[in-house]
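Structure first, then comments.
The values are calculated or read from the model by the stated rules, or taken from the named source; none is laboratory data. Keep in mind that this is a model prediction, so the values were computed, not measured. Cβ sites come from the backbone with ideal geometry, for glycine too, and all protein chains shown count toward neighbours. Surface accessibility is based on the protein's heavy atoms, side chains included, excluding ligands, DNA and RNA. Shrake-Rupley method; radii C 1.70, N 1.55, O 1.52, S 1.80 Å.
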Amino acid sequence: MSEGVEWALHSCLNLAWAGPDRPVTAARLAAYHELPAPYLNKQLQALVRAGIVISASGPRGGFRLARPLAQITLMDVVAAVEGPDEAFRCAEIRQQGPGGGAPASYRLPCAFAHAMARAELAWRRELAGQTLDDVREQAEAQAPAAPERLRRWLANG
């Protein structure tokens, strides 16, 4: 997974903490974690295309969540940033080289592809079963002052 997933997840949480009436620019979100704004903007645009955040242009523009954190799963964000493709792509190298046999002898999928597909399905189910609100609760339990610290920082910028 790319670091863009982490950036997108934190951006969603920061947008929630900023509040629904306060759009935040990509540059401001990036500055809060000292990230490159153009690259974070690419992640935010992916979230817009997925319907996770909305953007508005103009002097009061920026990004806001499109729906509550309880309606956004971790898998929603991962799929928005990484795309829907499977993480493991079997190239069927078992059919190449001196150990390769006739194509007809490969009726079943590669055992590694099968094992990786099962693991990915479990991973995707776990991410789909956890919302950003679940993570927000944990984050606020670990750092109760974080939401207010973000709001103060945004107000001073």
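What the table below lists for this structure:
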{"item": "Label-point separation in nm, Arg94 to Glu3, each point 7 Å along Cα→Cβ", "result": "3.7"}
{"item": "The chain: angle of helix 37-49 to the longest principal axis, Cα-based, in degrees nearest 10", "result": "80"}
{"item": "Cut-off under 5 Å, modelled amide H: who pairs with Gln130 long-range", "result": "Leu74, Met75"}
{"item": "The chain: angle of helix 132-142 to the longest principal axis, Cα-based, in degrees nearest 10", "result": "60"}
{"item": "With at most 14 other Cβ atoms within 10 Å, longest stretch of the chain clear of loop chymotrypsin sites (Phe, Trp or Tyr not before Pro) (DSSP)", "result": "1-87"}
{"item": "The stretch 27-84 - Rg and Dmax from Cα coordinates, angstrom", "result": "11.7, 34"}
{"item": "Around Ala117: net Lys/Arg minus Asp/Glu count, Cβ-Cβ under 13 Å", "result": "+1"}
{"item": "Sulfur and carbon atoms: percent of accessible area, the stretch 65-156 [1.4 Å]", "result": "57"}
{"item": "(1) 20, 20, 17; (2) 29, 18, 16; (3) 40, 17, 13, with the label sought being that of the calculated semi-axes √(5λ) of the Cα gyration tensor in Å", "result": "(3)"}
{"item": "Principal-axis tilt of helix 111-128 within the chain, Cα atoms, nearest 10 degrees", "result": "20"}
